[in-house]
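A short worksheet on the structure shown next.
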Amino acid sequence: MNYIDKAMKRATETNCKEGANFFQALKEVLVSIEPLIQNHPEYEYHNIIERIISPNREIRFKVEWLDDKNNIRVNNGYRIQFNNALGPYKGGVRFHPSVNTDILKFLAFEQIFKNALTGLHIGGAKGGADFDPKGKSDNEIMKFCQSFMSAFYNSIGSDIDVLGGDMGVGEREVGYLFGQYKLLTNSYDSIITSKPLSLGGSLGRTEATGYGLIYFTETLLQDQNETLKGKICAVSGSGNVAIHAIEKLYDLGAIPVTCSDSRGAIHDSNGIDLALLKKIKLERRASLEYYALERKSAVYVKNDAFSNGSNYVWQIPCFAAFPCATQNELDIIGAQALISNNVKIIAEGANMPTVPEAIDLFVKNKIIFAPAKAANAGGVAVSVLEMGQNNSLNYFSFEEVDQKLQNIMSNIYHHMKKTCEEYDLGTDFIAAANILGFKRVANAMIAQGVL
Ligand code: NDP
Ligand code: 2IT
């Protein structure tokens, strides 16, 4: 039995049986590190694969809270502290009804290697709850955040595990989570990032994931004598990552023409009206349907109206496609449409947004593919800058953070390129990201001995 089959068998025995997302993430890493494993017998000697595929700790807790009608509500909360070989656990918190152990394990596993790629000293974790923030009042969100933090605050700490934002968790939620931790521990420790500025948040953190995605893409393209300038781009999602990707695309002279949410998609051939998008999604927290009502050039397609179930945005001809909503949102139908419309590059803003079969199609058709672990690492990287600023009490300007973000994204690309050369990978940036990330974590595990 080869190491991939052995590891998958071990994962099946020790993890949730229905862990489709976790196994998808796991398999991609295991397959692509093959050239590394062949050249490094020490990883087998130290049994790194079996050790790296099991989370160090999985915390599961009940979250009880009172809604506005004084009904007692109950949700499931989780924190997966997957690997801390490189530094304190670090990773976001997701509030979404779909959250379960499988989703959080895949996210935490990906986070280990993404965090390693930043070159910063942080381990990988992810947490969240199956709580749906949609339709909840501000008071209910606050109550939920306070109960969530009360349930597991003693498992985190500024040098143990530092939380951050993710889907459904932005500045508002982070502020409430932070406040409750402060109350319970009487400390102002930096146990969460993406904080509002008034609580010690970093300038540039809100923008970092979306901006970083576009910096990474432009760096990669420049290396191929290409640029985003003047090019039509398709973006999915309309949350934190998508909105700031669209903003940076405009800064670079590109033309983003699509966005989407959980209910439908927008195609605006004049270019997305960013101010209107922010008003609808960030201020009003409303559906994109209202965008189309206020903007005559926009076409709105409801998810169920595009009958094959695929996201409509991938049908729009574009030079570059940026999936920025959620996992497995770019399917084969979308990939086929993008390829037949001569897409040049796919760069993942969301975590694992492309199904494996679609990735295979892109690779077969020589479409450049920038994987999430590298392309969306700007968010967590600026989170670490936030931790550094909190600990040193020395705060950077927006321009300083933005410059550091550009340097980090450029370094990630250049290290991946070097890995491609070293292992003769051509432009297989998926393999390069996995090899580079794995190597850094594995070496740190070996250096610490058997724990
Ligand atoms: P937000 O909650 O701000 O936005 C999520 C967006 O995705 C919303 O537009 C939402 O629509 C849409 N969406 C959610 N579920 C679905 C679905 N099933 N089908 C179609 N659209 C959907 O989250 P973020 O922008 O922060 O996160 C987006 C992705 O980026 C996630 O994969 C996240 O893990 C990843 N990421 C986030 C980082 C960050 O710093 N925030 C860092 C790195 C990665 P609606 O408005 O209707 O809910
Ligand atoms: O997936 C991610 O990298 C994030 N959600 C950001 C995590 C963080 O700790 O800032």
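The values are calculated or read from the model by the stated rules, or taken from the named source; none is laboratory data. On a predicted model such as this, the values are computed, not experimentally measured, just so you know. We place every Cβ from the backbone using ideal geometry, glycine too, and count neighbours over all the protein chains shown. These accessible areas exclude ligands, DNA and RNA; they are computed on the full protein's heavy atoms, side chains included. Shrake-Rupley method; radii C 1.70, N 1.55, O 1.52, S 1.80 Å.
So, in the range 187-210, of the ones that are aliphatic (A, V, I, L, M) and part of a loop (DSSP other than H, G, I, E, B), which residue ends up nearest to ligand 1 (Cβ to nearest atom)?
That would be 203.
From the list 177, 220, 213, 184, exactly one residue is at negative phi, away from ligand 1 (no atom under 16 Å from the Cβ), open to solvent by less than 10 Å² (accessible area, probe 1.4 Å) and assigned to a helix (DSSP H, G or I). Which is it?
Working: 177 fails: away from ligand 1 (no atom under 16 Å from the Cβ); 213 fails: away from ligand 1 (no atom under 16 Å from the Cβ); 184 fails: open to solvent by less than 10 Å² (accessible area, probe 1.4 Å).
Among 177, 220, 213, 184, only 220 is at negative phi, away from ligand 1 (no atom under 16 Å from the Cβ), open to solvent by less than 10 Å² (accessible area, probe 1.4 Å) and assigned to a helix (DSSP H, G or I).
Name every residue in the range 227-238 that is surrounded by fewer than 22 Cβ atoms within 10 Å (Cβ to Cβ) and in a loop (DSSP other than H, G, I, E, B), in order of residue number.
227, 229, 230, 231, listed by residue number.
This table checks each residue for (1) within 16 Å of ligand 2 (Cβ to nearest atom); (2) open to solvent by 20 Å² or more (accessible area, probe 1.4 Å).
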site	(1), (2)
369	no, no
380	yes, no
390	yes, yes
395	no, yes
411	no, yes
419	no, no
423	no, yes
438	no, no
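In the range 51-83, which residues are of a type in the set (D, E, K, R) and assigned to a helix (DSSP H, G or I)?
Passing the criteria: only 51.
Go over the candidates 190, 194, 238 one by one and state the one that is closer than 30 Å to residue 319 by Cα, in contact (Cβ under 8 Å) with a residue 40 or more places away in the chain, in contact with a helix residue (DSSP H, G or I) (Cβ under 8 Å, 6 or more places away or on another chain) and of a type outside the set (Asp, Glu).
Working: 190 fails: closer than 30 Å to residue 319 by Cα; 194 fails: closer than 30 Å to residue 319 by Cα.
Residue meeting the stated conditions: 238.
Take the range 344-367 and flag every residue that is more than 16 Å from ligand 1 (Cβ to nearest atom), surrounded by fewer than 22 Cβ atoms within 10 Å (Cβ to Cβ) and not in a helix (DSSP H, G or I).
Residues satisfying the conditions are 344, 365, 366, 367.
Conditions (1) out of contact with any Lys or Arg (no Cβ under 7 Å at 6 or more places or on another chain); (2) basic (Lys, Arg); (3) at pLDDT 95 or above; (4) closer than 30 Å to residue 10 by Cβ, marked per residue:
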position: 65; (1), (2), (3), (4): no, no, yes, no
position: 71; (1), (2), (3), (4): yes, no, yes, no
position: 96; (1), (2), (3), (4): yes, no, yes, yes
position: 155; (1), (2), (3), (4): no, no, yes, yes
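Would you tally the residues in the range 149-162 being in contact with a Leu (Cβ under 7 Å, 6 or more places away or on another chain) and under 17 Å from residue 108 (Cβ atoms)?
1
For the range 303-343, enumerate the residues that are of a type in the set (Asp, Glu) and either open to solvent by less than 30 Å² (accessible area, probe 1.4 Å) or within 20 Å of residue 114 (Cβ to Cβ) (or both).
Once the filter is applied, which keeps residues that are of a type in the set (Asp, Glu) and either open to solvent by less than 30 Å² (accessible area, probe 1.4 Å) or within 20 Å of residue 114 (Cβ to Cβ) (or both), the range 303-343 yields only 329.
Taking the range 372-393, which residues are in a loop (DSSP other than H, G, I, E, B) and closer than 19 Å to residue 311 by Cβ?
Residue satisfying the conditions is 376 alone.
Of the residues 438, 396, which single one is of a type in the set (Phe, Trp, Tyr) and part of a helix (DSSP H, G or I)?
Among 438, 396, only 438 is of a type in the set (Phe, Trp, Tyr) and part of a helix (DSSP H, G or I).
Can you tell me which residues in the range 247-281 are assigned to a loop (DSSP other than H, G, I, E, B), more than 13 Å from ligand 1 (Cβ to nearest atom) and open to solvent by 10 Å² or more (accessible area, probe 1.4 Å)?
252, 253, 269, 270, 273, listed by residue number.
Quick one: how many residues across the range 67-103 are more than 19 Å from residue 134 (Cβ to Cβ), away from ligand 1 (no atom under 12 Å from the Cβ) and crowded, with 21+ Cβ neighbours inside 10 Å?
Count: 10.
Cβ-Cβ under 8 Å, sequence separation 6+ or interchain: first residue in the range 271-293 and among the aliphatic types (A, V, I, L, M), partner open to solvent by 70 Å² or more (accessible area, probe 1.4 Å) and within 13 Å of ligand 1 (Cβ to nearest atom). Which pairs?
Note: pairs meeting the criteria are 280/290; 288/263.
Which of the residues spanning the range 150-169 are within 16 Å of ligand 2 (Cβ to nearest atom) and either closer than 12 Å to residue 192 by Cβ or in a strand (DSSP E or B) (or both)?
156, 157, 158, 161, 162, 163, 164, 165, 166, 169
Check whether at least one residue in the range 95-106 is under 13 Å from the mean Cα position of the chain (by Cα) and under 15 Å from residue 380 (Cβ atoms), and report yes or no.
So far as the range 95-106 goes, no, none of its residues is under 13 Å from the mean Cα position of the chain (by Cα) and under 15 Å from residue 380 (Cβ atoms).
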